[in-house]
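Okay, so here's the structure we're looking at.
Read-outs throughout are calculated quantities, based only on the coordinates presented, and are distinct from any laboratory measurement. Since we're looking at a predicted model, the values are computed, not measured. Note that each Cβ is placed from the backbone with ideal geometry, even for glycine, and that neighbours are counted across all protein chains shown.
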Amino acid sequence: MSTSSRHRLDVLGLFDNEYDEDGYRQCSVTGLDVHRSVENHVKLFGVTAVVWLLVGGLFAITVVGTRWEAIGLLSASDYYIHLSMHAWSMLLFWIVFVEVAILYVGGPMVLGRRLPLTKLAKAGYLVMVGGVLTIYYAIWTTSAPDQAPLLTAYIPLPSSPLFYAGALTFVVGVVIAAVPFFVTLWREKREKPGETLPLVTFGAFITGIIAVEALLGGVVAFGGALLWRLEILTFDPAAYRMWFWIVGHGTQQINLVAMIVVWYFLTHVVGGAEVVSEKVSRTAFILYLFFINMGAAHHLLVDPGISTGWRIWNTSYAFYGATLASLIHAFAIPAGIEAGRRKRGKGGGLFGWLTSAPWQNPMFAAPVIAIILFGFLGGITGVLMGQLQLNMAWHNTFATVGHFHSTVVLGTTITFMAVVYFVIRTMFMRRFVSNRLASLQPFLYGGAMGLTALMMMYVGILYGVPRRTPEVVANIPGTDFSLSAAEPLFVVFGLAAFVAIAGGALFVVLAVGSLLFGERIEPGRVDDSLLADGGDASLGFADGTELTTRESIDLSQDPDDPVHAYEMRGTFVLCLLFLAAFVITYILNWYLITQLWQIGA
Amino acid sequence: MTSPLKPPEGNWWDQPVDRRETIWLGLGVGWALVLFGWMSAFTRVGDQNPIGETYRVSAEEFRAKMGEYQDAGEETDEGLVPPGDDVLIGAGQFYWDGLPVVLEADRQYDIHLFAYDVQHGFSIRPEETLSKQINLQTIPGYEWVVPMTFDEPGTYRVLCNEFCGDGHEAMHGRLVVREGEQ
Ligand code: HEM
Ligand SMILES: [Cu+2]
């Protein structure tokens with residue numbers, strides 16, 4: 001191909017899109033003016049993220065193989081090391097690398113600007129990678145007196161000093177990588193003072209602020225722990241818990257907000273969704289900004305030494321301000337799909353907009369699966385276990401692991417997989433090696449992981465199975481007591497988890513395979529399978545004209561046809577169902593807790 | 001006007017909000033207040049709250065207290081019968097100091113939870129009904145006094161559910177509740 005000969009320094013032809021003399025090209029799917037500098041950095045962070053997902057996935061195999069005690073793969077000492085590798089690869093490395101890419105998409109790409117300070121972006125990347133490798137090395141070479149850090153590295157249990165240093169490095173790297181994003185917004189606002197930011201950029205901005213808050217907490221936690229480990233400082237273990245969870249939970253809030261930004265973005269581009277009320281959606285983002293950083297308190301609900309008032313105030317995000325924000329998005333996003341699709345003539349009856357949706361397109365299916373599973377499994381359980389009293393039943397049980405796999409896997413990871421698909425199609429310009437498998441993958445992964453998470457919750461709540469232990473169900477060393485009643489559910493857990501891992505592996509194969517062997521999409525051509533049917537694929541291709549999704553997207557600019565005038569009753573019914581599930585599980589959890597003996601003053 | 005990728009034009013703030021979305025907002029606010037109100041009220045009227053006094057104590061001090069307590073209590077086959085209403089439990093790598101202990105049903109005890117070395121998790125359930133379980137964190141330097149009244153006689157099992165080092169998986173203890181004297 002002629003293009004590749006023109007870019008001789010290019011790696012595997014992955015960075016060889018054609019740009020005009022200013023370095024721009026117009027994306028045929030979104031209609032955005034994309035500058036080379038943005039695109040290349042998005043690709044860099046996105047592809048690297050998949051590597052960490054692969055590493056984390058490999059350790060998921062050994063972790064599941066051990067927790068399913070019928071298999072009993074690893075010894076206890078090895079187990080803690082493998083679990084630490086799994087946790088850091090997945091929760092920090094995979095997710096945060098995608099998040100940096102999302103900031104670059106939400107900021108400069110959506111605004112049609114170049115990425116400023118690209119040297120800083122690259123420096124941030126290198127520092128982050130340095131942090132990752134240091135952490136991997138530190139975990140893998142753990143030896144006495146040091147212990148595996150797991151995710152939390154609670155002091156005074158010591159981990160290798162290199163581990164804290166690596167964590168600190170990683171956090172600093174993320175802050176550096178975020179700077180070009182903030183500079184972009186700064187310049188945009190200076191050049192166009194009167195203009196409102198697009199919703200996606202606005203959300204990305206909120207994400208960025210929450211990220212900086214969280215990462216500063218991380219500097220204190222890991223920097224302090226490093227100094228403590230080197231015996232330079234004393235650090236109170238209860239204070240460490242708070243600082244750790246400012247970054248530990250804070251990063252989850254970044255995940256949440258970034259994921260919601262992607263939901264607005266992708267459902268719009270591939271599903272024909274619109275924003276039904278700018279006012280309401282933006283207010284919800286503002287609520288996050290004010291309240292969500294109180295989330296650290298969720299992890300301290302059954303800690304000694306913290307007043308009841310502080311715990312209630314903070315765990316409730318001050319009267320559930322952040323929960324309300326999530327409830328708002330829970331309506332606004334599906335409503336956007338419903339109204340947008342009705343407007344495009346794609347929604348008869350109550351649910352026609354859903355049944356006619358492009359489910360075979362993974363960039364639509366994945367976010368929608370994520371919205372549903374995150375809401376029903378992750379969101380509800382998060383509020384439940386975040387109640388002061390119910391937390392006694394959830395804290396550090398396997399149910400907690402079930403909760404956060406519902407949020408960070410069913411929600412964030414599935415959503416971010418869609419982001420990677422999107423980057424492959426619209427930036428790397430590659431077709432998937434198999435459309436069939438790509439359509440199947442989100443359902444396979446989401447379905448199996450959903451079942452896995454449910455089983456985790458059941459064994460945690462109904463049998464009190466603790467997290468972070470290799471032996472407890474079949475055998476507890478040194479006693480005849482065990483939790484063997486949970487064994488049957490562990491069979492379901494184990495099988496479902498292995499299917500989920502296969503679904504994750506399929507994603508990696510599709511992503512890497514498409515990058516290496518996928519057919520190129522020539523510039524200017526419309527990628528038919530990406531056309532949302534909200535964008536009328538039939539029109540686009542039947543008569544040979546190049547109607548792009550963009551024309552359908554442009555429909556949302558029509559002032560005489562406002563989307564809020566369209567019906568949202570399907571969404572309303574779904575939301576009522578959701579609220580009913582919420583209320584029922586709430587009552588069930590409270591019923592269980594009141595069956596206990598008397599506890600507390 | 002309503003693309004998330006374009007700056008909204010005109011006076012978007014005053015654009016009408018759909019009636020159903022408004023209802024949903026109302027439901028959301030209402031539910032948020034129920035969540036808050038119930039949690040808050042339950043600390044006053046409810047019987048299960050992770051609430052108790054906390055004291056800053058060093059490991060040496062708690063060990064000394066534990067020694068006196070064990071001397072004053074009565075050692076039986078099933079475990080220690082505490083001398084009064086206080087029950088001391090100290091978590092260490094990888095044992096529960098003060099367990100097994102023998103308590104009476106329907107009598108309120110002050111359970112003193114402490115960690116000697118690193119953080120541990122006090123996870124307790126009756127052997128017969130695994131779903132009746134609760135979990136409290138123990139942190140070195142903090143003695144947490146949580147009152148409890150066990151109403152059902154039986155054997156209660158204590159596990160550690162905070163990772164406390166290689167060997168954590170073997171950390172368990174026992175608490176026996178006997179019929180009260182009446
Ligand atoms: C097929 C996919 C996955 C499976 C089967 C899986 C399974 C598990 C299991 C069984 C544990 C166990 C824990 C224990 O003993 O407490 C665990 C822990 C964990 N997983 Fe996953 N996981 C998967 C994907 C992910 C992803 C995508 C993320 C993050 C985005 C993630 C984040 C974590 C974290 C943070 C922990 C906790 C580690 C700790 O306790 O310190 N997992 N996982
Ligand atoms: Cu322990």
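Rg then Dmax, both in Å and based on the Cα atoms of the range A:306-451: 18.3, 57. Among B:Tyr116, B:Tyr156, sorting on how many other beta-carbon atoms sit within 10 Å of each Cβ, with the fewest leading, yields B:Tyr116, B:Tyr156.
Rounded to a whole number of µm²/s, how large is the Stokes-Einstein D of the protein assembly as shown at 37 °C and 0.692 mPa s, given Rh as the Kirkwood radius over C-alpha pairs? In µm²/s, the coefficient rounds to 120. Taking one quarter of the surface of the C-alpha convex hull of the range A:108-215 gives a mean projected area of 7.8 nm².
How large is the translational diffusion coefficient of the range B:1-58 in µm² per second when you combine the Kirkwood radius over alpha carbon pairs with Stokes-Einstein at 10 °C and 1.306 mPa s? Walk me through the intermediate numbers first.
Working: Rh = 16.2 Å.
The calculation lands on 98 µm²/s.
Counting Cβ atoms of other protein chains within 10 Å of each Cβ in A:584-593 and taking the mean gives 2.
Computed over the alpha carbons of the range A:139-189, Rg followed by Dmax gives 16.6, 53 Å. Helical content of chain A, expressed as a calculated mean residue ellipticity at 222 nm, amounts to -21000 deg cm²/dmol (DSSP H runs of 4 or more residues, -39,500 (n - 2.57) each, divided by residue number, nearest 500). What's the angle, to the nearest 10 degrees (0 to 90), between helix A:362-373's Cα axis and the longest principal axis of chain A? The answer is roughly 40 degrees. Taking the Cα atoms of the range B:87-182, the ratio Rg/Rh between the radius of gyration and the Kirkwood radius comes to 0.96. The protection proxy used here, the mean number of other Cβ atoms lying within 10 Å of each residue, ranks peptides B:38-47, A:158-167 as follows, highest first: A:158-167, B:38-47.
For chain B, find the longest principal axis of its Cα atoms and tell me its angle to the long axis of helix B:59-72, 0 to 90°, nearest 10. Its long axis makes an angle of about 50 degrees. Each peptide in A:279-286, A:302-309, A:69-76 receives the mean, over its residues, of other Cβ atoms within 10 Å, and ordering these scores from highest gives A:279-286, A:302-309, A:69-76.
Listed by chain and number, the lysines placed with their C-alpha closer than 24 angstrom to that of A:Lys279 are A:Lys189, A:Lys192, A:Lys343, B:Lys6; residues fewer than eight positions away on the same chain are left out. Angle, helix B:19-45 long axis vs. longest principal axis of chain B, Cα atoms, 0 to 90°, nearest 10? That works out to roughly 20 degrees.
Peptide A:397-408: average number of partner chain Cβ atoms within 10 Å per residue?
Details: counts 6, 1, 0, 2, 0, 0, 0, 0, 0, 0, 0, 0.
The mean count of partner-chain Cβ atoms within 10 Å per residue comes to 1.
What fraction, in whole percent, of alpha-carbon pairs in the range A:104-167 exceed 17 Å separation?
Across the range A:104-167, Cα pairs with separations above 17 Å total 54 percent.
How far is the Cα center of the range A:269-297 from the Cα center of the range A:327-374, in Å? Their Cα centres are 17 Å away from one another. For the peptide A:269-282, the mean number of other protein chain Cβ atoms found within 10 angstrom of a residue's Cβ is 4.
Dividing the convex hull volume of the alpha-carbon atoms in the range A:30-269 by its residue count gives 129 Å³ per residue.
Just in the range A:226-321: which GluC sites (Glu not before Pro) are loop by DSSP and have at most 11 other Cβ atoms within 10 Å? Walk me through the numbers before you get to the answer.
On the way: sites: A:Glu231, A:Glu274, A:Glu278; in loops: A:Glu231, A:Glu274.
Passing sites in the range A:226-321 are A:Glu231.
Across the range A:169-326, the fraction of Cα-Cα pairs farther apart than 23 Å, rounded to a whole number, is 48%.
Among B:13-21, B:71-79, B:170-178, the peptide with the highest mean count of other Cβ atoms within 10 Å heads the list, and the full ranking is B:170-178, B:13-21, B:71-79. For chain B, the pair-distance distribution built from all alpha carbon pairs, in bins 10 Å wide starting at 0, is 9, 28, 26, 11, 8, 10, 6, 2, 0 percent.
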